[in-house]
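Enquirer: Below you will find the structure I want to go over with you.
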Amino acid sequence: MHDSLRLSAVGLTLVAGWAGSCLAQGGPEYRLSGFGTVAAVQVDQPGVEFIQAGQTSGAGKSATFKTDSRLGGQLDVKFNPTFSATAQLLAKHGGDGSDRPRVEWAFGKAKLGGGFTLRAGRMGAPFFAVSDFREVGFANHWLRTPSDVYGQVFLRSFDGADLNFAGDVAGVPVTAQLIVGGTTATNARNKVDYKSQVGLNLTAEVVDGVTLRAGTIEGKLTIHSNDLRQLAGALAATPFASVGQPIDCNKHKTSFSGVGVSVERGNWVGSSEYTMLKSACVLPDTRGWHVMGGYRFGSVLPYIVASKLKRSNANVVNTIPSGVDPMLDFLSATVDGVVASFDSSQSTTAVGIRWDAWKNIAVKGQIERIDTEGRYGLFRPVGPAPTKPVQVLSLAVDFIF
């Protein structure tokens, strides 16, 4: 984490140094802004808690404000027409179990001309269509991004650099982003590294109000878990060491790709994404999709969302025979339990409504029906797995300032 903060500081320092010679012509321009959400969430069954990806606890049969509530502040500094810098702090319930503010963004930016810009530092990780503003509830039609897609990756930022292009190609507005860097974060109190990242994202507004997006990121994933490491070590002392190799997830190649479309035409709004996570370790390969549609009636926007997350490959093949040795039976059962714990397959249907109560305040309500097919899905287990679909009720107030 300290290395990440140092890299972010380096990005800002470089921009400050580059811009220093220009400040004599006039002082920098500052802009301070913020955003937040106050939200309550409740489920209708015991045994599970609704969480955002990576969180350590969430909403059960008693409503809680911790799952979706957040507060963020952003400082933008423009040194001159070429150089600028951005820093953002965000406070929300995170993977380390705390709600303390953390540095979400801290980067410097340089306009290179010809539609190209270069950024360095800590930036939003561009895994999804709304990655840059997924935490700004006011900027999103729905109450929250669909968990069946956005729950595949809990990482929200990376430390490194990106090269961006924005311009017309054959008369079509196009943006392109090339990224390099890495991330260290905490998922359910386990440290996770996603290093040596290389990614490319492309968007194009093919017709007025219709935007297409495609992107992919690849890197090396490490899950720092003593439990997984000890299980892999125990299997290494048996003839079934190969079973444990993917369980100890250490610098395993992992990629995430997605395509999507967003629509804003008249009073109609809509979006759809299809995503694929591929890994060579105990983290299973998954595929997710969502489709959302809504229609504005003045300041009120009712909408519906359908989504699904499916495991396509467990990546761990348990070849340990049963009934040969009690210790092997124990190891085999443990492996099966670990594989099952990573299976987050589920499907969701949701209806919601957004009311723009004021120019900077939106009130939202959403009801979800989540079918985990007898498993826990993306819920946090606190009891027996649900045997029927779980209803999730959410109420939120989003604001910007």
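Enquirer: Would you kindly calculate the mean projected area, averaged across all directions, of the convex hull enclosing the Cα atoms of the chain, in square nanometres?
Expert: Values: hull surface 84.9 nm².
So the Cα hull casts an average projection of 21.2 nm².
Enquirer: Now for a separate question. Per residue of the chain, what 222 nm ellipticity follows from adding -39500 (n - 2.57) for every DSSP H run with n ≥ 4, rounded to the nearest 500? Don't skip to the answer; put the middle values down first.
Expert: Details: 5 runs with 54 residues, N = 401.
Result for the chain: -4000 deg cm²/dmol, rounded to the nearest 500.
Enquirer: Could you give the nm distance between label points at R100 and A63, where each point is 7 Å from its Cα heading toward the beta carbon?
Expert: Taking the two extended label points, one gets 3.0 nm.
Enquirer: Over the chain, what is the relative contact order in percent, taking alpha-carbon pairs closer than 8 angstrom and at least six residues apart?
Expert: It rounds to 16 percent for the chain.
Enquirer: When we measure straight from the Cα of K111, which lysines land under 16 angstrom away, once same-chain ones fewer than 8 places off are left out?
Expert: K78
Enquirer: Ok, one more. Could you tell me the distance between the Cα centroids of segment 236-267 and segment 42-106, to the nearest Å?
Expert: 23 Å
Enquirer: Please report the net charge: other residues with Cβ closer than 9 Å to the Cβ of T222, K and R +1, D and E -1.
Expert: +3
Enquirer: Tell me, what HN-Hα J-couplings in whole Hz come from the Karplus equation 6.51 cos²θ - 1.76 cosθ + 1.60 at θ = phi - 60° for each residue of segment 304-320, using x for Gly and Pro?
Expert: Karplus-based 3J(HN,Hα) across segment 304-320 equals 10, 9, 10, 8, 7, 10, 9, 6, 9, 7, 6, 6, 10, 10, 8, 9, 6 Hz.
Enquirer: Which lysines have a Cα less than 24 Å from the Cα of K191, not counting those fewer than 8 places away in the same chain?
Expert: Leaving aside lysines fewer than 8 places away in the same chain, those within reach of K191 are K66, K92, K220, K251, K253, K278.
Enquirer: While we're here: Which of H290, H252 has the fewest other C-beta atoms within 10 Å, and how do the rest follow up to the most? List each step's numbers first, then the result.
Expert: Working: H290 24, H252 19.
Ascending number of Cβ neighbours within 10 Å: H252, H290.
Enquirer: What ³J(HN,Hα) values, in whole Hz, does the Karplus curve 6.51 cos²θ - 1.76 cosθ + 1.60 give for segment 337-346 when θ = phi - 60°, with x put for Gly and Pro?
Expert: Per residue, the Karplus-derived 3J(HN,Hα) values read x, 5, 4, 5, 5, 8, 7, 9, 4, 5 Hz.
Enquirer: Here's a follow-up. Normalised by the number of residues in segment 162-264, what is the relative contact order in percent for Cα pairs under 8 Å and 6+ residues apart? Display every interim value, and only then the final one.
Expert: On the way: 207 pairs, mean separation 23.7, N = 103.
For segment 162-264, the relative contact order is 23 percent.
Enquirer: Now for a different question. Mind pulling the angle between the C-alpha long axis of helix 226-236 and the longest principal axis of the chain? Nearest 10 degrees, somewhere in 0 to 90.
Expert: Taking Cα atoms only, the helix is inclined about 50 degrees.
Enquirer: Under 18 Å from a point 7 Å along the Cα-to-Cβ line of D44: which residues of segment 367-382 have their amide N that close?
Expert: It comes to 367-375, 379, nothing else.
Enquirer: Could you work out how far apart the two model spin labels at L395 and D168 are, taking each label as a point 7 Å from the Cα in the direction of the beta carbon, and quote it in nm?
Expert: About 5.0 nm, to one decimal.
Read-outs: derived from the displayed coordinates by stated rules, not from any lab. Source: prediction; values computed, not measured. All Cβ positions, even for glycine, are placed from backbone atoms using ideal geometry, and neighbour counts span all protein chains on display.
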